[in-house]
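Trainee: My questions will all concern the structure given below.
The values are calculated or read from the model by the stated rules, or taken from the named source; none is laboratory data. None of these values were measured; they are calculated from a predicted model. Cβ coordinates were reconstructed from backbone atoms using ideal geometry, including for glycine residues, and neighbour counts include every protein chain displayed. Surface areas here come from the heavy atoms of the whole protein model, side chains and all, with no ligands, DNA or RNA. Shrake-Rupley method; radii C 1.70, N 1.55, O 1.52, S 1.80 Å.
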Amino acid sequence: MSTVFKKIFMILIGFVAGIASWAIIEILLYHGELIGRHILWNGLAGAATGLMFGFFFGSAEGIMFSDSARALRGGILGSILGLAGGAGAMISSQWLLYVIGNTEFFPSTITDSFVIPLSRAIGWGILGLVIGLLDGLRSGSVRRSFIGILGGLTGGFIGGLMLEFLTRLWSNGLFARGAGMVLLGGGIGLFFVLFEYSRSYGIIKILTGPYRGKEYVLIMKNTRLGSSPRAHIPLGDYPGVKKNHAIFTANRNGINLRKIDGNLLVNDKSIIEQELKYEDVIQAGTAKLLYLPK
């Protein structure tokens, strides 16, 4: 999947997550009297939204690599984190509203028009932050977690602002909520990818085999390539690729490639370790990959 298509894909994932969340929120609104007071409803709505967003964004990488097991693991982890993070985010924003409302810092007109949407957008930003953490937690990378947090927080806050103001400006509440949730999801997906590419060390493009045309963004200091499902670049469908075949390491000069197990070639020459240059062709087993620096 090329960089352009990945951006489109992540935005579409966000749209789907937004639509799924919208459906659940409408069910909660319909049964609002049975659920109880406002803070409980916000907690349930946040948990449901986080669950949907966590599942879809968590499974995105597995879907991109056509790896159903990876997608399922990511979806389950994302669902758990999203559920907890979404509930916490919405309850926190409701608490912030309560504090602001009782201290009377602002006139009621300003509170209703600006303070309430801003405080709720902060809650959506926290949800985006939790979603952005997923890839970093799954890979054990602090740097990837930090980049995900920045992208998710920014996308969640901006998307949340659009959601909150749209529901206030559009008289049709049903469609306003739906459009707002779609924008929220798309915002998280878009800014997550933008931050990922802006802070990357380069791109590895797969040239042959079942994953031909797909690209992996080098975000972490150390990126493992291998047939293991836990490899950062998983090539289990390629004969000759070892469980832990090679590792890409970022340094001041660029990207260093080092063999761990099996044969490793760069531009048809066998190597143990080498600094990569623009458009170097790497071969591990039957897989050929192209290195594109940032």
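Trainee: Summing -39500 (n - 2.57) over the DSSP H runs of n ≥ 4 in the chain and dividing by its residue number, what mean residue ellipticity at 222 nm do you reach, to the nearest 500 deg cm²/dmol?
Mentor: Value at 222 nm, helices only, nearest 500: -21000 deg cm²/dmol.
Trainee: So for the pair residue 12, residue 237, with labels modelled 7 Å out along Cα→Cβ, what separation do we get in nm?
Mentor: About 1.7 nm separates the two model spin labels.
Trainee: Here is a further query. Please report, as a whole percent, how much of the solvent-accessible surface of the chain comes from carbon and sulfur atoms (probe radius 1.4 Å). Each step should come with its number before you reach the end.
Mentor: Numbers: 9180 of 13920 Å².
On the chain, the fraction of accessible area on carbon and sulfur atoms equals 66 percent.
Trainee: Now, a different point. Give the lysines whose C-alpha is closer than 23 Å to that of residue 288, dropping any in the same chain fewer than 8 places away, or say none.
Mentor: Counting by Cα, and skipping residues close in sequence, residue 288 has these lysines nearby: 6, 205, 214, 221, 242, 243, 259, 269, 277.
Trainee: If a paramagnetic tag sat 7 Å from the Cα of residue 228 along the Cα-Cβ line, which residues of the stretch 127-142 would have the backbone N under 19 Å from that point?
Mentor: Answer for the stretch 127-142: 135-142.
Trainee: Compute the Cα gyration tensor for the stretch 150-294, then decide on rounded, prolate or oblate, letting a ≥ b ≥ c be the square roots of its eigenvalues: rounded whenever a/c is under 1.5, prolate when a/b is larger than b/c in the other cases, and oblate in all that remain. Display every interim value, and only then the final one.
Mentor: Numbers: a/c = 3.62, a/b = 2.58, b/c = 1.41.
Because a/c hits 1.5 or more and a/b exceeds b/c, the stretch 150-294 counts as prolate.
Trainee: Quick one: grab the alpha carbon gyration tensor of the chain, order the square roots of its eigenvalues as a ≥ b ≥ c, and give me rounded if a/c is under 1.5, else prolate or oblate depending on whether a/b is larger than b/c.
Mentor: Judged from the Cα gyration tensor, the chain comes out prolate (a/c at least 1.5, a/b above b/c).
Trainee: Taking amide hydrogens as modeled 1.01 Å from N in the peptide plane, which residues meet the under 5 Å criterion relative to residue 255, leaving out close sequence neighbours?
Mentor: Residues meeting the criterion, in which the H sits 1.01 Å from N, are 276.
Trainee: Still on this structure, please answer the following. Using the Cα gyration tensor of the stretch 246-292, with a ≥ b ≥ c the square roots of its eigenvalues, what is the shape: rounded (a/c below 1.5), prolate (a/b larger than b/c) or oblate (neither)?
Mentor: Because a/c hits 1.5 or more and a/b fails to exceed b/c, the stretch 246-292 counts as oblate.
Trainee: While we're on this one: Projecting each Cα onto the charge dipole of the chain (Lys/Arg +1, Asp/Glu -1 at the beta carbon, about the Cα centre), which of 48, 154, 118 comes out farthest on the positive side?
Mentor: 154
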